[in-house]
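Have a look at the structure below, then the notes.
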Amino acid sequence: MIKGSCCCKAVKFELLNEPSMVGTCHCSRCRKVGASAIAFVKKEDLKWIEGRSHVQLFEPTAPYIYGRCFCNICGTSLGEILSTEDSFPIAANALDGDLNLKNQFHEFVGEKPSWYEICDNAPQNDKHPQTS
């Protein structure tokens, strides 16, 4: 079991299984909300411990379609933790423990700032990676 929380510990959750993959999004939007490192979890693996009522949803405007969640007390980015999809990304930085996964992809590398250097061999994509 993997525990997760926000910075002030008002939001706490557990993952019953390890995320299916971890990646890095370089789009300007993910960078702004502090959710560039993302871990994909299955809806049935997310167990709320406390503080779900403290999760605030930021609704996007076009052309963006994904809402971003954060703790309404401390502002910690939580990714798409309120998603109703079967699988969705949460901010990997909200996980309290270590994962047995390495970064598996980079997306929106065309939006990557010049000061950031990609230092791994994970595939790099201009958009979301294609899934098979």
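Each reported figure results from applying straightforward, stated rules to the coordinates on display, with no laboratory input. It should be emphasised that the depicted structure is a prediction, and the values quoted were computed from it without experimental measurement. Every residue, glycine as well, gets a Cβ built from its backbone with ideal geometry; the counts of neighbours run over all protein chains shown.
Scale the Cα Rg of the chain by the rule-of-thumb value 2.2 N^0.38 Å and send over the ratio, two decimals.
Computed over Cα atoms of the chain, the ratio equals 1.02.
Counting DSSP beta bridges with both partners in the chain, what percentage is antiparallel, nearest 5?
Expressed as a percentage, antiparallel bridges in the chain total about 90.
Within 14 Å, Cβ to Cβ, of residue 25, how many net charges do the neighbouring residues add up to if Lys/Arg are +1 and Asp/Glu are -1?
Around residue 25, the charge tally is +2.
Quote to one decimal, in nm, the extra length available between residue 104 and residue 87 on full extension: 0.36 nm per residue of separation minus the C-alpha distance between them.
Result: 4.5 nm gained on full extension.
In straight Cα distance, which lysines are under 16 Å from residue 47, not counting same-chain residues fewer than 8 positions off?
Output for residue 47: 3, 9, 12.
Looking at 73, 41, 19, which one has the Cα that reaches farthest to the positive end of the dipole of segment 2-111 (charges on Cβ: Lys, Arg +1; Asp, Glu -1)?
73
To the nearest 20 Debye, how big is the dipole of segment 2-111 about its Cα centre, given +1 on the beta carbon of each Lys and Arg and -1 on that of each Asp and Glu?
300
Along the charge dipole of the chain, Cβ charges K/R +1 and D/E -1, which of 89, 104, 62 sits furthest on the positive end?
Highest projection toward the positive end goes to 62.
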